[in-house]
Amino acid sequence: MKVGVKNLVKRYGETTAVDDISFVAEDGEFTTLLGPSGCGKTTTLRSIAGLERPDGGQITIGDTVLSDPSENTFIPTQERNVGFVFQNFNVWPHLTVFENVAYPLRVRNHPEGEIEEKVMNVLELTGLEDFRDRPSTQLSGGQQARVNVCRAIVYEPDLLLFDEPLTGLDRNLRHQMRYEIKRIQSDVGITTIYVTHSQPEAMTLADKIILMNPDGKIAQQGTADDLYYKPDSKFVFDFFGGSVEIEGTVANPEGIQTDIGLFSVDVSTLDAGASAIIGFRPESVQIGKEGTVNNWKGEVKDINFLGSTYEYFIDVGDITIRARQPRSGDIQEGRTVNFHIEPDDIFTYRPF
Amino acid sequence: MSMPDINNLSWNEFKYRYIPETRDQRIILLSIFFSLLIVIILPVGSIIVFSFADSFPIMDGEFGFTLRHYTYLFENLSLLYEITLNSFIYAAGATFLAITVGTFAAFFTVKYLNDSMWVQLLMLIPYGIPSVAALVGWVILLGDVGVLTEAVMAVFNLSSSPWDLRSIWGMIFVEGVHTAPIAFLLMFPAIRNIPAAMDEASFTAGANRIRTFRQIILPVVWPSVLSTLLFLFVRTMATVTTPAVLGVPERIFTFGTAIPYIFLSGADLSYSKALSFSVFMIAITTVFILYYLKAQSAEDQFTTVLGAGRSEPRRYDSTILKQGLGITFVGAYLVIAGLLPFGAILWDSLVPGIMMSTDLSQFSLQNYIALFAGNAQGTFAWRRALWNTILVGVIVPTTGMIISMLIAYANQIIDIAFSKTFVFIASVPLAIPGIARSMGFLSVFIQTPIYGTWFILFIAYHGIALPIGMRYSSPALTRVGSENVEVSLASGAGLIRSFRSILLPLISKDFVAGWMHTYVTVIRNVSIPILLYTAGSEVIAIELLTVLRAGYANTASTMAVIITLLSILPHIVLQYWRVSGGLRGR
C-alpha cells in the first residue's frame, strides 16, 4: 500500500527532532530513510508505526489517515497493521521459533490450522523451517534476525518498517542479510520503509532513498544514483563519500576559477564573481586520460591498496587530489601523471 | 531548563507516551489508582484527618475538628519523652550492633575471602528466621530461667542471672543480632565497589592496612555507612515484636509498642490518641527518611566518583590464619544468630513439658500433634491462623507483585499519565512505620464489614508488598526495555496482552524473587496484624506473639519452628539467587 508522510513534525520539548518532512513510499516500493545519528529518521519511522505521537502533519496508508494532530486523529500501533523489525532482535526467549512467529497471528485469533500454514510459509521463505521447535535462545545472530523479520511479515502487514535491523551483526552476516531482506521484500511485495545510517546499506537495498540532515529535514530524496551522482547540496555530497573540495570564484560563463586553475563546469545557477566550492568523487578522476577541458598534471605522493582498487593521492600545487581506479603499472609514487575530470562529474555549491 | 541533546541520546532515553485513549491504558490507570487509593492514600490520609477528629470511631457520620489529642500528647510530655528516648536508645543500639557485625563481615568477605558466595549466603541465612520465632529461642536460652542463663549461673556459682533479657539491652542485643544480615547486604556492595587503586595508592604512600582502613576505606564508605545507619535506625525504631516481648512486661515502651499496649489497651483505650501519636511518629520517621535520602544521594555521588562495578577491589594477601579468622567470625555469627535460637526452639518443641531435657528418648512430636489437634496450651485458633497465614502468604505477594509490575510498566514502558506520582505513592509506606499504617487501616475500615475479616489483612499487607515489589519491578523492566513491548504492539497486541504474554514471562525470575521476598516479609510481620486481627482473622505471627507473651513456651516454640520452616526455604533460595548474581540491582 502507498504510504504518505506530509509535513510531519515531532518535537521533544524545544528540540525539533523531525521538522516538516514530506515523502511518499509507493505501493511495493523499498524506501530507505538515511541520515546521521539524531537526524530524526527513527522518530519518523516510529511515528509511522504509532510508537511516537507526532506534533504536526499527516501520515496516511492507502486511504486511511493514521495520524493527523490537527484532526486529533491517531490510530494506535496495534491497530495499524504494520510490521516492525527493531534494531535489537527482541526474539522472546520464553517462546520457540514457531511461537515467536505465531504470536501476531494468535493475537489476531487466527485458527490453529491457518497459523501453522502461515508460520511455516514464512519460516520456509527465510530458511528457518528446520528450526521451528528450537528455543529462541539457541539461535545464532543471523537466525534471530530472520525470526525478527518472519514475525513482522507473517500477518501480511500493509507496511513493513525496519529500524537499523542489521546493526548488531558482524560484517559478513550484515552483507548476507541485506540481500536476504531485499529478496524477502520483493517476494512478498510489501511496501517497506527501512531506517539506516549506513550509506552502502541504503544504496544496496533502496528503490528510493530519503536522506535526512541533522536538522531533522529532508536533504534530498531520489534513487541511489540521483543522490550519489547528482547531490544537490554539500551535505549530500559529503554524506555519500565526499572527496576533494576546492574553493574558488565563479568565472561566468566558463566555470570556477581556483588556485590550481579553471574548472570548466556548469555555473548557470551561481552568481558571477561569487565564492563557490567544487567537489568531485575520487572515481571521477581519470588518471592518464585527457579531455577537451579540466586536464591537470600532478605528482603522485601516496598509493593505498583498497582491495579491488587503489587510491592515489596526487599533489597539484598546494591541493591534494584523491583518485581511485585499478592499479596501473605506470602510476608510481613520485611520478608526475596527467588526469582529467568530466565537467558533468563536478558538483558546485555555495559556501556555508 | 537545558534541553536534551538528541544527537547524544539513545532512543531508550526518550520517554514515549502511547495513546491515553486506549481501553487497555484506561484499565491499567484505574487499576493502579484504586489499588493505591485503598492501600496507601486512604489509610495515610485517614490517620492525619481522624487524628484531628473530636472523637473516633465517628458516630452518625458527624465529627468536628480539634487539637485536643495533640495537646494531650504534649501535656503528658514525660510519657512522650520516655517513649521517644526508649525508641532512640533501642534503635541506636541495635543499629550500632548490626552495622558493626555487618560491616566487618562484609570487609572480611571482600578483602580476605574473595567475595565467597557461601560466606555471603551464611551471613544472610539467619534473617530467614522470623524475629518472633528467634525471640522464643532467646527467651529459652537467655531468659531468667533460660538454659544458658542457668548454665552460666551454675558454672560461676551466681545467685542471680548475670543479664536481664527483658530490658532495653536485651532488646538491643536480639534486634541487633537479627538485623546484621541487612547491614551486611547494604555494606557488602559499598566495600566491594572500592577500586583497588584506593588501597594501592595508600599502600604506595607507606600506610599499613589498619591505617588504610581508618583513613581511606572508612571515609570512602562513610556515605554508605551513614545511609545504612539511617535506614536501619528508622526500620528498627518502630519494630513491634522485640519490644513487645522483652520491653512491655518491664513497662519499657517504644514507638512500636506504645499504640497497641498504651493507647489501645486497658481502660484508657483511645483511638484518637493512638491516631495523634501515629502522626507524631510519622513526623519523626519522615525527618530521618529525609536525612536518609540525602545520605543516599551523597552515596550516589561517591559511586559516580568511584565508578561502581567497573573495577575489581583490592584483595589482601590471605593467609590460612586470616581466612580462618574471617570464617570464624561469620561462623560465630551464624551460630549466635541462627543455630542457637533455632536449635533452642526445635529442641523445646520436641520435648513435652516445661523442662528442657537432654534425654533423647523423651523427644516426641507431641507438641506438634497437640497444636494441630487443637489441644495446645494458650491457643484456640492455630489452624485458622495457619490457614489465614497461608492465604495471605500466597495471595498478597501475587497481587502485590502484579500491581507493582503494573506501576513500573505504566511508568517505565508506557509513561502513562500520573505514573511518576504512582511510583512515589507506592514508596510512601517506606516512611511510615508499620504500626502507624496499621492504625491507618484500622481508622478506615473499623466501621466497615471487612473489619474483622482476613480481607482487611489482605489489603493492609499490600503496604508492605508494594515497596518490595517496586524494588524488583523497576530494575527488571529497565533490563527488558520498551522495545519488547513495542514489538508486541506492532504485532497487534494491546497493552494488557503485551504485559501478560510478553513482559511477565520475560521478568518471571524477578517476579518470583519479589514474590518470595514479599512472602517471607508478610508471614513474619506483626506490626500490621497486631491492630487489625480479631477472632477469625488471626495469623501465626500474632498467635505466636500472644502465646509467647502469655508464657506458653512449648506451644510458642512449636509455632516458632513451623513459622521458621515456612519462611526459611524461600529466604535461602532468594538469597542464593542474590549472591550468585542472578538478581542484579536489588
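No value in this document is a laboratory result; all are computed from the given coordinates. The structure presented is a predicted model; accordingly, all values stated were derived computationally and were not measured. Backbone-built Cβ (ideal geometry, glycine too); neighbour counts: all protein chains shown.
Could you check which residue among A:Asp318, A:Asp302, A:Asp238 shows the biggest mean-square fluctuation in a GNM of chain A with a 10 Å Cα cutoff? With Cα springs under 10 Å in chain A, the top fluctuation among A:Asp318, A:Asp302, A:Asp238 is at A:Asp318. In plain terms, the C-alpha convex hull of region B:178-331 casts an average shadow of 12.1 nm² when viewed from every direction.
Average partner chain C-beta neighbours within 10 Å, per residue of B:480-488? Write out the running numbers ahead of the final one.
Details: counts 1, 3, 1, 8, 5, 3, 9, 15, 8.
Per-residue shielding by partner chains comes out at 6.
Kirkwood Rh over alpha-carbon pairs of region B:366-500, then Stokes-Einstein at 10 °C and 1.306 mPa s: what D in µm² s⁻¹, rounded to an integer? Answer, rounded: 91 µm²/s.
The calculated P(r) of region A:134-191, using every Cα pair and 10 Å bins from 0, goes 21, 55, 24, 1 in percent.
In debye, nearest 20, what is the charge dipole magnitude of chain B about its Cα centre with +1 on Lys and Arg Cβ and -1 on Asp and Glu Cβ, if you could check? Mind showing how you got there, number by number?
On the way: 33 positive and 30 negative charges, 206 e Å.
The calculated dipole for chain B is roughly 980 debye.
Sequence gap at least 6, Cα distance under 8 Å: using those rules, report the relative contact order of chain A to the nearest whole percent. Over chain A, the number comes to 16 percent. Taking the square roots of 5 times each eigenvalue of the Cα gyration tensor of region B:85-177, largest first, gives ellipsoid semi-axes of 29, 17, 13 Å. Restricted to Cα atoms, region A:1-128 shows a radius of gyration and a Dmax of 17.0, 51 angstrom. Which of these, A:Gln199, A:Gln176, A:Gln221, has the largest mean-square fluctuation under a Gaussian network model of chain A (Cα springs below 10 Å)? With Cα springs under 10 Å in chain A, the top fluctuation among A:Gln199, A:Gln176, A:Gln221 is at A:Gln176. Under a Gaussian network description of chain A, with springs only between Cα atoms under 10 Å, the residue in A:Gly248, A:Gly317, A:Gly127 that fluctuates furthest is A:Gly317. Backbone amide hydrogens, once placed in the peptide plane, bring A:Val85 within less than 5 Å of A:Leu161, A:Phe162, A:Asp163, excluding anything fewer than 5 places away on its chain.
Checking the a/c ratio against 1.5 first, then a/b against b/c, what shape does the Cα gyration tensor give for region A:266-352?
Numbers: a/c = 2.09, a/b = 2.05, b/c = 1.02.
Prolate shape, in that a/c is at least 1.5 and a/b is the bigger ratio.
The spacing between region A:287-332 and region B:71-136, judged by their C-alpha centroids, is 79 Å.
Normalising the average separation of contacting C-alpha pairs (under 8 angstrom, six or more residues apart) by the number of residues puts the relative contact order of region B:75-209 at 40 percent.
Among the helices of chain B (complete DSSP H runs), which have Cα atoms covering no less than 18 Å along the helix axis and a Kyte-Doolittle mean of at least 0.0?
What comes out of the filter, once short or polar helices are dropped, is B:23-36, B:77-111, B:168-192, B:218-237, B:271-306, B:320-334, B:382-408, B:454-480, B:508-524, B:553-579.
For chain B, the C-alpha radius of gyration sits at 1.02 times the compact-globule guess of 2.2 N^0.38 Å, with N the residue count.
Computed on chain B, with alpha-carbon pairs under 8 angstrom and 6+ residues apart, the relative contact order is 24 percent. Each label point was placed 7 Å from the Cα along the Cα-to-Cβ direction; for B:Arg549 and B:Leu334 their separation is 3.6 nm. Taking amide H as placed 1.01 Å from N in the peptide plane, the amide H of A:Tyr310 sits under 5 Å from that of A:Gln325, A:Arg327, each at least 5 places away or on another chain.
For the protein assembly as shown, the spread of Cα positions along the three principal axes, ordered from largest to smallest, is 122, 73, 61 Å.
Can you work out D for chain A in µm² s⁻¹ from Stokes-Einstein, where Rh is the Kirkwood radius over C-alpha pairs, the temperature is 10 °C and the viscosity is 1.306 mPa s? Working shown, then result.
Numbers: Rh = 22.9 Å.
Approximately 69 µm²/s, per Stokes-Einstein.
Could you tell me the center-to-center distance, by alpha carbons, between region A:205-249 and region A:89-141 in angstrom? So the two Cα centres are separated by 40 Å.
Net charge near A:Pro282, counting Lys/Arg +1 and Asp/Glu -1 over other residues with Cβ under 9 Å of its Cβ?
Values: positive: A:Arg281, A:Arg322, A:Arg324; negative: A:Glu283, A:Glu311.
Residues close to A:Pro282 contribute a combined charge of +1.
Residue order for A:Glu99, A:Glu71, fewest other beta carbons within 10 angstrom first, comes to A:Glu71, A:Glu99.
Quick one: of A:Lys10/A:Lys230; A:Lys118/A:Lys208; A:Lys41/A:Lys208, which pairs are farther than 20 Å apart, Cα to Cα?
Values: A:Lys10/A:Lys230 29 Å; A:Lys118/A:Lys208 30 Å; A:Lys41/A:Lys208 15 Å.
Beyond 20 Å: A:Lys10/A:Lys230; A:Lys118/A:Lys208.
How shielded is A:74-82 by partner chains, expressed as the average number of their Cβ atoms within 10 Å of its Cβ atoms?
Details: counts 3, 1, 10, 13, 14, 5, 3, 2, 3.
Neighbouring Cβ atoms belonging to other protein chains average 6 per residue here.
Inverting the pair-averaged 1/r between distinct Cα atoms of region B:454-586 gives 17.1 Å as its Kirkwood hydrodynamic radius. Radius of gyration (Cα atoms) of region B:338-424, expressed as a multiple of 2.2 N^0.38 Å: 1.88.
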